[in-house]
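See below for the structure under consideration.
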Amino acid sequence: MAYGPSKNRTGSQHENREPNLIPIMNLFIVIIPMLMTIMVSVHLAMIEITLPTQSSGSGGDDSGEQTEETPKELTLGLLIDRFEVKVEGNEDVMKIPQLASGKYDFITLDQTVSHMKKLYENQQTINLIPDPNVKFDILLRSIDVCKSNGFPNIKYLTTATKYYKAK
C-alpha cells in the first residue's frame, strides 16, 4: 500500500524558509576567537650581515687617477680564548685575551676598534671571522661593538675548510 506525499514535502516548495544561522554564529562567536588565542606569533630580529661575493673581474672603469686612498682592510677574529684584530699589510696582530674562562674583554675590544676607526677614518667595513665554537651571543656583542664605533658594514667571513680524499 503506497502512501501519498507528506504535507511538509508539498508545502516546502511554496514556502520560503529562513536559513539556519546558528552554525555561522558559532563560527564567529566561539571558534575564531579560540583560534586567535592559541595562535603563536613569531618575532624576528634582523641583523645586517654582508656575506662576501666572488667576482671575476672589475665592474668599473679603470682610470689612472684615484681621488682618495683606498682604506686598508680590517679583520676581527673571534676565537675561543681571545679576540684578534689585524690590519691589511701589517704583520702585527693585536690579541685581546679573555679576562677569565668564558669572559671576553669587550672594553678593550671597544677601545681597539675605536682606535682603528681613528686611524682609518675612510674605512666603513670590517671583516668578522668567528671560530665555529664561539657562542652566538659573543658574535652579536662583537657586531654591536663594531657598529657603535663607526663600522656600519660588517662582512662575515668563514674559515676555509678543505676535505681530502683518502688514498
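Here, each number is a calculation from the coordinates, and none is a lab measurement. From a predicted model like this one, the values you see are computed outputs, not experimental measurements. Cβ sites come from the backbone with ideal geometry, for glycine too, and all protein chains shown count toward neighbours.
Let's test this: bin the Cα-Cα distances of segment 78-167 at 10 Å from zero up to the farthest pair and state each bin's percent. Per 10 Å bin, starting at zero, the Cα-Cα P(r) for segment 78-167 comes out as 15, 49, 26, 7, 3, 0 percent. Taking the Cα-to-Cβ direction at Asp144 and at Gln111 and moving 7 Å from each Cα, how far apart do the two end points lie in nm? Using points 7 Å along Cα→Cβ, the separation is 2.1 nm. With the simple model of a label 7 Å out from the Cα in the direction of the Cβ, Val40 to Ser101 spans 3.6 nm.
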